[in-house]
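Notes follow once the structure below has been shown.
A short reminder: the numbers here are calculations on the coordinates, not readings from a lab. Computed from a predicted model, the values in this text were never measured in an experiment. No Cβ is skipped: glycine too gets one built from the backbone with ideal geometry, and neighbour counts run over all protein chains shown.
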Number of protein chains: 4
Amino acid sequence: MPNSLRVCLVGAGRAAKVHANSLVHHTPKAELVAIVDPIPDVLRQTAEQFGVQSYYTSLVEAIQNVEFDAVVITTPTFTHKDLALTAAGAGKHIFLEKPMALNLQECDAIIHSATQNGVILQLGFMRRFDPEFAEAERRILAGAIGQPMLIKSLTHGPGLPPPWARDLTTSNGMLAEVNSHDWDTVRWLMGSNYERVYVEVANFKGAARNVDTPNFYDNVLVNIRFENGGLGSISGVCPCDYGYDARVEIVGEKGILQIGELKGQAVLICTDRDQGLITPIYRTWPERFAWGYIREMEHFVDSSLTGTPPKVGGAEGRWAVAGVLAGTRSFLEERPVYLNEVL
Amino acid sequence: MPNSLRVCLVGAGRAAKVHANSLVHHTPKAELVAIVDPIPDVLRQTAEQFGVQSYYTSLVEAIQNVEFDAVVITTPTFTHKDLALTAAGAGKHIFLEKPMALNLQECDAIIHSATQNGVILQLGFMRRFDPEFAEAERRILAGAIGQPMLIKSLTHGPGLPPPWARDLTTSNGMLAEVNSHDWDTVRWLMGSNYERVYVEVANFKGAARNVDTPNFYDNVLVNIRFENGGLGSISGVCPCDYGYDARVEIVGEKGILQIGELKGQAVLICTDRDQGLITPIYRTWPERFAWGYIREMEHFVDSSLTGTPPKVGGAEGRWAVAGVLAGTRSFLEERPVYLNEVL
Amino acid sequence: MPNSLRVCLVGAGRAAKVHANSLVHHTPKAELVAIVDPIPDVLRQTAEQFGVQSYYTSLVEAIQNVEFDAVVITTPTFTHKDLALTAAGAGKHIFLEKPMALNLQECDAIIHSATQNGVILQLGFMRRFDPEFAEAERRILAGAIGQPMLIKSLTHGPGLPPPWARDLTTSNGMLAEVNSHDWDTVRWLMGSNYERVYVEVANFKGAARNVDTPNFYDNVLVNIRFENGGLGSISGVCPCDYGYDARVEIVGEKGILQIGELKGQAVLICTDRDQGLITPIYRTWPERFAWGYIREMEHFVDSSLTGTPPKVGGAEGRWAVAGVLAGTRSFLEERPVYLNEVL
Amino acid sequence: MPNSLRVCLVGAGRAAKVHANSLVHHTPKAELVAIVDPIPDVLRQTAEQFGVQSYYTSLVEAIQNVEFDAVVITTPTFTHKDLALTAAGAGKHIFLEKPMALNLQECDAIIHSATQNGVILQLGFMRRFDPEFAEAERRILAGAIGQPMLIKSLTHGPGLPPPWARDLTTSNGMLAEVNSHDWDTVRWLMGSNYERVYVEVANFKGAARNVDTPNFYDNVLVNIRFENGGLGSISGVCPCDYGYDARVEIVGEKGILQIGELKGQAVLICTDRDQGLITPIYRTWPERFAWGYIREMEHFVDSSLTGTPPKVGGAEGRWAVAGVLAGTRSFLEERPVYLNEVL
């Protein structure tokens, strides 16, 4: 096997910088050789920050000018399918951020193309690589809490998403952009597919922030029945303002298991008995999942170098998209929606 | 006002003993003068435990033989209406355990009778008197987290309920017997009535415990939309085996608030680094809500002695029953149910 | 045995009110029949608050005018010996607040008088009755952490003590007034007597608060070697301003055990990710040890009514005083002091 | 400045592997080019694990055969002085593990040699680089708790140290080998030097483990007075068996601050209400201080490449050794020892 994986980063924004940091500082077997972004200023700034000499405004251009083995795609959801097909067509391994794509047709096209071209396809579900989530999986598989019966997963994010990420036509909204991780987590740890979903949404903060996107919501509550009879709950709040919050709770036949907590660093202060104790909260997702982002990139690099299928790929990305589609239909039609209506 | 409230305890089982303890040990202005229970052995044992000389197998008999001012009713739900009407008719103040009754007709009859006879009617929602719940209410009303948008309340209880408490015909099952507190809590702290509910249930443990009650479920997940647009979630697991678990989480426009935690006493032990830290969990509801049970009884005694309406009465009990009825119809008919379908 | 214990409260200040609350609201077998305090205003206010008709400015006067069975002494330390001897001489059972007395001669006189007059003598070490401390004792005795090797106990109190309580001539200062509980706890849970002690003190806040008491200190750190070879640490900070803080940590041959935590009520709020999570701290000792105060008074009432020796009496009070005396000599003479130098 | 720092690792044991991991996986500006260890098997195994081709049984040999810029010294304490002088004499920058050396003469020789040869000297006090300790420092310097008055630091380690590390003649024992970090921490965060120290030790587990080293102790409790009048406590337990435990608590004029907690990963399980909740503890120091080890090596690499003095160097290492020497004399002579007796 080759000693090193040459990577082109597609997208130069916030998520891109998180992966660039993993590639440059914590993944010695990878080399970040090129960056692509259609916005010149963002592109140049990120390239300079990570000392990358080659940067382009299109993936095609990068492919024509630089030799590399893999892409890490962090662009908006509506661009995923075309970029993934371009990369696969050029024989590049693909690390693809969540959500996988806008619909199942796009998912299928990406999966088909990766398979046809023999390239690795890994989805950006970094929570599976977080040491706490991984430990929880290990314990559940070892039978620590028996058969899971009820699983709850939440993601509350601090800031208002950009317009494309809250518009159902360009992204499927918060259920996809924020809660994709929860869709993956509940299915993974329950060990069963969704059978039907029911979703309620609310819009409390949109007006004050001048959001006029149709169907905008900033609170969502999902009720899931799994094929094995288990129950699931997902909640999303974005913008929640108070911090970055991602926690899971699972009740099994033998007991309960919690993953994560609201508290961030173990630094506690108290100076006023009327106010009480103060402890940090996680401010952002890169802070909460620092090791998850490093470990998922190590896994992608290893999978690509050895040609081994990654732990989380197209099938998992597709299921999360299916959940989002059923959930969106549910709140629009105000009824439970079966997965087989969208699959 | 009189110096002391003479109380007749109706029911002599587990909940009755919790209230007897409050009355005898922690409510000096009350006097426990009689106990009623149809089962002679249980009756005598509880009477002896609390040093009560007068005990009877029916409330009517107690009324005829002993002078008292108030009843504390802790019998099964299907007996509530008749007992409450008997007590009200005799001019006794009424402390009534949750759930209030089997249906709204019974609730209305109880409320009407209490009003007509000018007696106090307090419902057994002790969580409202728990110091932590009360502090949370104070903070929410003071605007600490802004307008509540999303509220989650859970109650997981350790043991299998008795047959009458899991049969929809005698009790409305777990949604009523276990989760009545959650129905009350979410409405109280959201500050809005339920508009519609959607419920999923699961039965994982019934077969192994030879439960053949129709429609039995041991896991329930409720999705609520409130009239003010807020969202709510209730979960119940019973028997959960692992302990007694009652927690609430509220996301408001300005922040998050949590009430309660899984941990019980602050006594931590670690003797094995492969096992890790061990901390007690609450084993039972009397342990978790020790102060709530004392404070609610103090409140009932004060309300009765002064003739002041209690903080939580028939209207609150009726709303919880309405939620249960809509929720039960939802999982039976597999669709969201509007409260105005049952009200 | 008699049905009820008639109690005269000696002292009407803050600690007195805590015990009056236990006697009136939570100890049905006791009756608070009289209150004594030399300061008329304080006396009348406390008597009125608890509905006590008989109150006097001296214990002798109370004895002459009211029938009662026991005293609860909460006055300043320098008054303990005389009051205890008066009570014992009159055949009254004695509940005596910590610290027991100013020196060992006084302790011996109290113990001797109680024994001679056949009255119960219980010391106010309420931590032994706190449910968490009691559970810890149970586990240690059951061998949960093996033989204790190292024990640390701390008490940090919010406010500046009154002048008499920081003057070595009237009280032995903070080591006695604040840390008496710690002296008792470490000896009790280590299961061994102190062999020698070394103490460092500091004065950081005195000047700013115009404290000119000689030898005043607001920080103290005690290093103890026990007769069994175990080690102990006590720390005191008063005024600490930030809250009431009382915690214990014990390392045994098999593991570690912690009692208590900084956090008070389980009510958590976060509204600002730059500030982080906020949780209440205990504000005062009556709040932290609410059940301890109730349980120790129940124990005193039961011991007095049945004539059973209480769990914690004169011997325990005397050892705490001995530790204080050795500790005080240590910081004054800047050397380790053996207990047999003061015993 | 050069692009990359070529490093020779001196020592190939457990601490060496932790640093090798940082150098190889997380410090792209460093290159691990050689390893030195006198034990051939350990040497070869570590070299193979990290893919290092050049390895030698002596530092001199490595210097003669390979070009490098810096050494990372992780060998036993009694070898530090000679190795550091050899490295400095050859112009190599030095990262030196704690404790710095056996005595102050050795410390002075190392500091002198580094200064004379113009090489960087960084001490292995990784806690200063731990994100939680660093955040605590930031807050203290910003005045969050006012002037520190009382600081407590503890390190309890799971396993029995090797013979050389518990023998006072080859290492100064646990006070140095385990608690060097605490000596540095309390001085750093108090912002003042030790003035005098008093130490008690105990030996509970030695006999059962056949330890016959003279003056062996497995429990230690240090009482410190700082030059600024502040108080400090250090405790050490090794072997403690129950896990790796490193925590700090500081009381300042305005409040309290805690760093670290007993709990490791946020993965909580409960399956038995009689047992209670179970949460992981940190098993080892590389796990607890994963980021501290990475960050201190980044700092060393940056300091070496830019020629900037590191945040923690010879002076800090020397003070920790001075504390250890005074502390050891204290427990041997059973009296408080002033630092100016050993400086």
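Under 10 Å, Cα contacts only: if you run a Gaussian network model on chain A, which one of A:314, A:264, A:327 comes out with the highest mean-square fluctuation? Taking springs between Cα atoms under 10 Å, the residue moving most is A:264. Helical runs assigned H by DSSP (4 residues or longer) give chain D a calculated mean residue ellipticity at 222 nm of -11000 deg cm²/dmol, each run adding -39500 (n - 2.57) before division by the residue total.
Is the shape of the protein assembly as shown best called rounded, prolate or oblate, per the rule: a/c under 1.5 gives rounded, else a/b larger than b/c gives prolate, else oblate, with a ≥ b ≥ c the square roots of the Cα gyration tensor eigenvalues? It is oblate, given that a/c is not under 1.5 and a/b is not larger than b/c.
Largest GNM mean-square fluctuation among A:271, A:57, A:306, using chain A with Cα springs under 10 Å: A:271. The residue of chain C whose Cβ sits closest to the rotation axis that maps C onto B, together with that distance in whole Å, is C:26, 3.
Take each residue in A:336-343, count the other chain C-beta atoms within 10 Å of its C-beta, and the mean is 1.
3J(HN,Hα) along region A:102-114: 7, 8, 6, 4, 5, 4, 4, 4, 5, 4, 4, 5, 5 Hz, from the Karplus curve 6.51 cos²θ - 1.76 cosθ + 1.60 with θ = phi - 60°, whole Hz, x for Gly and Pro.
If I take R0 = 35 Å and measure r between the Cβ atoms of residue A:4 and residue D:105 in this structure, what FRET efficiency does the formula 1/(1 + (r/R0)^6) give, to the nearest 0.05? Computed FRET efficiency for residue A:4 and residue D:105: 0.15. Charging the Cβ of each Asp and Glu at -1 and of each Lys and Arg at +1, and nothing else, the dipole of region B:46-190 about its Cα centre rounds to 440 debye. Bridging of residue D:81 to aspartates and glutamates at a Cα separation below 13 Å is possible for D:97, D:106, D:108, once same-chain residues fewer than 8 apart are set aside.
Among B:133-142, A:195-204, sorting by the average number of other beta carbon atoms lying within 10 angstrom of each residue, highest first, gives A:195-204, B:133-142. Within the shell defined by Cβ-Cβ distances under 11 Å, the residues around residue D:219 carry a net charge of -1, with Lys and Arg each +1 and Asp and Glu each -1. Give, to the nearest whole percent, the P(r) tail of chain A beyond 34 angstrom, counting all Cα pairs. Above the 34 Å cut-off, chain A has 25 percent of its Cα pairs.
A Cβ-based charge dipole, computed about the Cα centre of region D:1-53 with Lys and Arg at +1 and Asp and Glu at -1, lands at about 140 debye. Relative to the longest principal Cα axis of chain A, at what angle does helix A:131-141 sit, 0 to 90 degrees, rounded to 10? Roughly 60 degrees between the two axes. Once Lys and Arg get +1 and Asp and Glu get -1 on their Cβ, which of A:280, A:292, A:312 lies farthest toward the positive end of the dipole of region A:273-322? The residue sitting farthest along the positive end of the dipole is A:280. Other residues whose C-beta falls under 11 angstrom from the C-beta of residue D:303 contribute a net charge of -2, scoring Lys and Arg +1 and Asp and Glu -1. Round to the nearest 10 and give me the degree value, 0 to 90, for the angle of helix D:80-89's Cα axis relative to the longest principal axis of chain D. Approximately 40 degrees, to the nearest 10. Label-point spacing for residue D:239 across the identical copies (point 7 Å from Cα in the Cβ direction), in nm and ascending order: 4.1, 5.0, 5.5. Each Cα pair under 8 Å and six or more residues apart adds its sequence gap; the mean of these over the residue count of chain D is a relative contact order of 20 percent. Annotation for region D:96-114 versus region B:257-336: alpha-carbon center distance of 61 Å.
Taking amide H atoms as placed 1.01 Å from N in the peptide plane, the amide H of residue C:247 lies under 5 Å from those of C:154, each 5 or more residues away in sequence or on another chain. Simple spin-label estimate for residue C:193 and residue A:142 gives 4.8 nm between the two label positions (7 Å along the Cα-to-Cβ direction from each Cα). For residue C:82, inter-copy separations between label points set 7 Å beyond Cα along the Cβ vector come to 6.9, 7.5, 9.6 nm, shortest first. Between B:23, B:221, B:277, the residue with the greatest mean-square fluctuation in the GNM of chain B (Cα pairs under 10 Å linked by springs) is B:277. As a calculated quantity, the FRET efficiency between residue D:112 and residue C:283 at R0 = 41 Å, using C-beta atoms, amounts to about 0.15.
Plainly put, the tip 7 Å out from Cα toward Cβ on residue B:29 is 2.6, 7.2, 7.4 nm from that tip on each other copy, the closest given first.
Between helix D:290-306 and chain D there is an angle of about 50 degrees, using the helix long axis and the longest principal axis of the Cα atoms. Taking the DSSP bridge list for the protein assembly as shown and keeping only pairs wholly inside it, about 55 percent are antiparallel. Averaged over peptide C:143-154, the number of partner chain Cβ atoms lying within 10 Å of each residue's Cβ comes to 4. Checking the cross-link pairs A:263/D:29; A:17/D:17; B:17/B:263; C:29/C:311; B:263/D:205; B:29/C:29 against a 22 Å limit on the alpha carbon distance flags A:263/D:29; A:17/D:17; B:17/B:263; B:263/D:205 as lying beyond it.
The charge dipole of region D:267-343, taken about the Cα centre with unit charges on the Cβ atoms of Lys, Arg (+1) and Asp, Glu (-1), comes to about 60 debye, rounded to the nearest 20.
Per-residue shielding of B:175-184, expressed as the average number of other chain Cβ atoms within 10 Å of the residue Cβ, stands at 0.
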